[in-house]
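Here is the structure we will look at.
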Amino acid sequence: HAQLVESGGGLVQAAGPLRLSCKASGSIFSIDAMGWHRQAPGKLRELVATITSGVITNYADSVKGRFTISRDNAANTVYLKMNSLKPEDTAVYYCYAESIATPVRDYAERWGRGTLVTVST
């Protein structure tokens, strides 16, 4: 069945860059939207960025101009390029995918387990 696995998290200095990747594994016909949410300590999970299969993107105001979301449909992979990172970007970043069609069943949405991004001052 379809699973999402994130990679690329870690410790980075403020103002530095980092790129996250998330691959949907399994036999997949198609995926509609993909994207990233994040959850900082003591805070609710929030949307970071989304991208449709038609590559229409949407960003949270807090990351506009600094983060770029992209995807490789053939590889069922979504990326998040983060520049000019700030300490307040520290969070666990979760990948998700909507409307996943597979030979066995369709999924409304799937989530990854998250990858920790820590931005130091």
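Of the set (1) in a strand (DSSP E or B); (2) loosely packed, with under 15 Cβ neighbours inside 10 Å, all apply to Leu20 but (2).
Candidates in region 48-72 are the residues that are closer than 18 Å to Glu6 by Cβ and either touching a residue at least 40 places away in the same chain (Cβ under 8 Å) or among the charged types (D, E, K, R) (or both); of these, the one that is surrounded by the fewest Cβ atoms within 10 Å (Cβ to Cβ) is Asp72. Among the residues of region 79-117, the one identified as of a type in the set (Val, Ile, Thr) and surrounded by fewer than 14 Cβ atoms within 10 Å (Cβ to Cβ) is Val104. A single entry from Leu47, Leu4, Leu11 fulfils the requirement of being in contact with a Ser or Thr (Cβ under 6 Å, 6 or more places away or on another chain) and either β-branched (Val, Ile, Thr) or at pLDDT 95 or above (or both): Leu11.
Inside region 67-121, residues that are charged (D, E, K, R) and closer than 24 Å to Ala15 by Cβ make up a count of 4.
Can you find even one residue in region 101-108 that is of a type in the set (Phe, Trp, Tyr), farther than 20 Å from Gly42 by Cα and modelled with pLDDT of 95 or more?
No, that holds for no residue.
The condition of being touching a residue at least 60 places away in the same chain (Cβ under 8 Å) and open to solvent by less than 90 Å² (accessible area, probe 1.4 Å) holds for Ile28. Among (1) open to solvent by less than 50 Å² (accessible area, probe 1.4 Å); (2) touching a residue at least 40 places away in the same chain (Cβ under 8 Å), there is one condition Ala15 misses while meeting the rest; what is its number? Unmet condition: (1).
The values are calculated or read from the model by the stated rules, or taken from the named source; none is laboratory data. Everything numeric here is computed off the predicted structure, so don't read it as measured data. For neighbour counting, all protein chains shown are included, and Cβ atoms are generated from backbone atoms with ideal geometry for every residue, glycine included. Ligands, DNA and RNA are stripped out before the accessible areas are found, and what is left, the full protein with its side chains, is counted by its heavy atoms. Shrake-Rupley method; radii C 1.70, N 1.55, O 1.52, S 1.80 Å.
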